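Colleague: Structure in structure tokens, see below.
The values are calculated or read from the model by the stated rules, or taken from the named source; none is laboratory data. This is a predicted model, so every value here is computed, not measured. Note: ideal-geometry Cβ built from the backbone for every residue, glycine included; neighbour counts use all protein chains shown.
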């Protein structure tokens, strides 16, 4: 996927997200190679947002874009069941990592980070809200809608504006995305790693169970 500077600038002007002019989606290279669990677990620029115990026998890492409809469908239909059955019972640690495929997704990820301030439960609540209201803030005036969401979460309009202009935060998201692309060979969303094994695309609970249950037996 290559977005030229001209089309990117046009998108910015249409959405009002001129603050994100430094963000450029990566040219992604596909690969079917599985990565080691150590590569996936390696600390990156931003602290991981995770649910479940650190010492859980299974770790699932999801790479998602906030504007990805398949990610939103997974969040609504599969993740609640996965959370109830495996995460809340201490069997799985679930890590969510941003992989924005466009400027709007980057803005959504930045807002979630600013609202959460390092609180994983709050972060997952915000990403859930963004996924569930995806059609509103992606298809309509993005800045206005994200500002409203930020206000609902306790931020002022000025704080939302400052968040979306935070170049340091944007650079960290871009750096983490580059690591996922270059090292983990992530080239689409959602992409999952289950104890290092890559699973691409929207995945059913049954498919997760086939991967998770054998790992639990061996723990």
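Colleague: Please enumerate the residues belonging to region 182-194 that are within 14 Å of the chain's Cα centre (by Cα) and buried (at least 20 other Cβ atoms within 10 Å of the Cβ).
Modeller: 186, 189, 190, 191, 192, 193
Colleague: Continuing with this model, one more query. Of the residues that sit in region 89-100 and are in contact (Cβ under 8 Å) with a residue 12 or more places away in the chain and not in a strand (DSSP E or B), which one is surrounded by the fewest Cβ atoms within 10 Å (Cβ to Cβ)?
Modeller: Among residues in region 89-100 that are in contact (Cβ under 8 Å) with a residue 12 or more places away in the chain and not in a strand (DSSP E or B), the one surrounded by the fewest Cβ atoms within 10 Å (Cβ to Cβ) is 90.
Colleague: Being without any contact (Cβ under 8 Å) to a residue 60 or more places away in the chain and either surrounded by fewer than 20 Cβ atoms within 10 Å (Cβ to Cβ) or outside any helix (DSSP H, G or I) (or both) is true for just one of 151, 172. Which residue is that?
Modeller: 151
Colleague: Is there a residue being surrounded by fewer than 18 Cβ atoms within 10 Å (Cβ to Cβ), under 15 Å from the mean Cα position of the chain (by Cα), under 17 Å from residue 199 (Cβ atoms) and in contact (Cβ under 8 Å) with a residue 24 or more places away in the chain anywhere in region 130-137?
Modeller: So far as region 130-137 goes, no, none of its residues is surrounded by fewer than 18 Cβ atoms within 10 Å (Cβ to Cβ), under 15 Å from the mean Cα position of the chain (by Cα), under 17 Å from residue 199 (Cβ atoms) and in contact (Cβ under 8 Å) with a residue 24 or more places away in the chain.
Colleague: Pairs please, first residue from region 101-123 and on the phi > 0 side of the Ramachandran plot, second anywhere and modelled with pLDDT under 95, Cβ atoms under 7 Å, 6+ apart in sequence or on different chains.
Modeller: Sorted first by the residue in region 101-123, then by its partner, the pairs are 118/47.
Colleague: Kindly indicate whether any position in region 51-74 is in contact with a strand residue (DSSP E or B) (Cβ under 7 Å, 6 or more places away or on another chain), buried (at least 18 other Cβ atoms within 10 Å of the Cβ), at pLDDT below 95 and not in a loop (DSSP other than H, G, I, E, B).
Modeller: The answer is no, given that none of the residues of region 51-74 is in contact with a strand residue (DSSP E or B) (Cβ under 7 Å, 6 or more places away or on another chain), buried (at least 18 other Cβ atoms within 10 Å of the Cβ), at pLDDT below 95 and not in a loop (DSSP other than H, G, I, E, B).
Colleague: While we're looking at this one, here's another question. Hey, among the residues in region 181-194 that are touching a strand residue (DSSP E or B) at 6+ places or on another chain (Cβ under 7 Å) and assigned to a loop (DSSP other than H, G, I, E, B), which one's nearest to residue 40 (Cα to Cα)?
Modeller: Per the stated criteria, the residue is 186.
Colleague: Can you name the residue in region 138-148 that is touching a residue at least 24 places away in the same chain (Cβ under 8 Å) and either in a loop (DSSP other than H, G, I, E, B) or more than 18 Å from the chain's Cα centre (by Cα) (or both) and, of all such residues, is nearest to residue 106 (Cα to Cα)?
Modeller: Per the stated criteria, the residue is 143.
Colleague: Within region 102-123, take every residue that is touching a strand residue (DSSP E or B) at 6+ places or on another chain (Cβ under 6 Å) and under 21 Å from residue 88 (Cα atoms) and give me the one that is surrounded by the fewest Cβ atoms within 10 Å (Cβ to Cβ).
Modeller: Across region 102-123, the extreme among qualifying residues is 120.
Colleague: If I ask for residues that are in contact (Cβ under 8 Å) with a residue 24 or more places away in the chain, crowded, with 16+ Cβ neighbours inside 10 Å and not in a helix (DSSP H, G or I), which ones from region 195-210 would you list?
Modeller: 195, 196, 198, 202, 203
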